[in-house]
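Comments concern the structure below.
The values are calculated or read from the model by the stated rules, or taken from the named source; none is laboratory data. Quantities reported herein were computed from a predicted structural model and do not represent experimental measurements. Here the Cβ positions follow ideal geometry from the backbone for every residue, glycine too, while neighbour counts run over all protein chains shown.
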Amino acid sequence: MFDLTSWVHVLKNDEGYCNVINDCIKNNQILTIDNKVVRREFEEFFSKFTPQQLNAYCYGVSGSEAIEHALIIAEHITKKSKFLHFGGCYHGSSICLLNITYSETKRVSDYVFDILHPPYETKDIGEFPDMDDFFEKLPVENEYAGVIIDPSFGNMVFNAGIHFFLKLRKYCYEKKVMLIFDEVRTGIGRTGKMFAFEQYDIVPDILCISKALSNGFPLSVTIYDGNSLYETEKRNLHNRIETTFAGQDLALKSAMYTVEKISEDMTQIAKKAIYIIKRLEELKKYKCICEVRNFGMIFGMEFSDNWSAIKFFTLVNKKNIRVNYPNKTVVVLSPSLCIEVQEIDEIMDSFHDVCSFI
């Protein structure tokens with residue numbers, strides 16, 4: 001079985017869990033009444049990989065919690081509860097986030113979300129379109145708490161490029177709204193950098209991380225500039241929104257182990273992404289494939305029609321290859337970061353067999 005939906009498990013089966021658990025047992029740190037020591041250890045360790053201004057940590061157990069915490073923090077800092085988000089992105093399926101995950105969902109939370117529709121939902125665009133006109137049409141009123149974005153544009157898998165993100169960062173500065181980067185899927189090495197925003201020479205105001213962070217242990221972190229809040233105010237806010245099992249010792253230890261391992265392998269991850277997209281490009285000779293694209297180790301296969309995408313999804317599953325089929329014509333691949341070249345070749349040979357049949 002090849003799992004190409006592996007957002008969470010990024011290390012080999014014999015890494016991570018056993019080493020972390022044994023270390024915690026050895027040091028009597030499986031569960032503690034007060035885990036402030038481990039949290040401080042994690043934050044000191046993780047600060048090596050984050051910009052200096054992102055210095056306040058709010059913990060959760062899932063990506064959805066990380067996003068919800070970001071909205072609450074942005075609202076608390078700006079005293080506003082209106083947000084902009086981009087169509088096509090996925091930010092979670094909790095009751096609060098349904099509005100920004102599925103645009104057809106009725107409003108079910110106290111937050112107001114205005115959707116942005118960049119002109120990227122077309123086939124064969126080749127590269128991300130020029131967005132100058134798009135930014136000129138953005139709201140001019142200073143009424144928003146934040147703009148939330150998944151830098152891979154969720155289930156569309158697009159790389160908007162540095163020009164787009166510099167413009168977005170400028171817009172948020174000028175309008176005094178918080179730029180929220182949802183790196184639940186793109187963070188922790190998935191793009192060949194520790195975080196996707198590093199590719200664009202910008203720093204978000206709030207950074208959301210989960211999934212790969214702890215290699216499967218339930219953990220999420222929302223990081224922001226805590227200098228805008230008094231220490232007591234910040235502590236009270238975190239106490240109010242953090243859930244029971246947020247930031248437990250075992251998850252934090254696993255996160256430190258995972259991040260350390262991935263940081264040592266970043267060059268190899270980037271090379272694997274180049275190799276996989278090269279192999280995927282070979283599939284464009286088949287009529288069912290319109291386009292293939294990637295955002296680091298996230299890959300999108302655009303099919304000619306809905307039927308072809310469904311057929312591909314069905315047939316590769318019969319070959320024990322799991323892929324993600326999030327919308328009508330796009331299949332998304334997110335292989336484990338530790339995938340071997342031999343495994344990639346075996347998967348691509350199967351893809352050739354399936355595409356030649358469709």
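Every residue in region 33-88 that is part of a helix (DSSP H, G or I), among the β-branched types (Val, Ile, Thr) and closer than 21 Å to Thr258 by Cα, please.
Val37, Val38
Cβ-Cβ distance below 9 Å, separation of 6 or more or different chains: which pairs start in region 284-298 with a residue that is farther than 11 Å from His352 by Cα and end on one that is polar (S, T, N, Q) and in a strand (DSSP E or B)?
Every condition considered, the pairs that remain are Met297/Ser334; Ile298/Ser334.
Among the residues of region 167-189, write down those that are part of a loop (DSSP other than H, G, I, E, B), charged (D, E, K, R) and touching a Phe, Trp or Tyr at 6+ places or on another chain (Cβ under 8 Å).
Glu183, Arg185
Among the strands (runs of 3 or more DSSP E) contained in region 247-358, which hold 1 or more residues that are more than 23 Å from the chain's Cα centre (by Cα), surrounded by 16 or more Cβ atoms within 10 Å (Cβ to Cβ) and of a type outside the set (Gly, Ala, Ser)?
289-295, 298-303
Would you be able to say whether some residue in region 334-348 is of a type in the set (A, V, I, L, M) and in contact with a Ser or Thr (Cβ under 7 Å, 6 or more places away or on another chain)?
No.
Restricted to region 189-210, and to residues that are within 20 Å of Cys58 (Cβ to Cβ) and of a type in the set (Phe, Trp, Tyr), which residue is farthest from the chain's Cα centre (by Cα)?
Only one residue tops the list, namely Phe197.
Checking the conditions here, which among Glu281, Glu198, Glu302 is outside the structural domain of Asp345 (by TED's automatic domain parsing) and either free of Cβ contacts under 8 Å to residues at least 24 places away in the same chain or not aliphatic (A, V, I, L, M) (or both)?
Glu198
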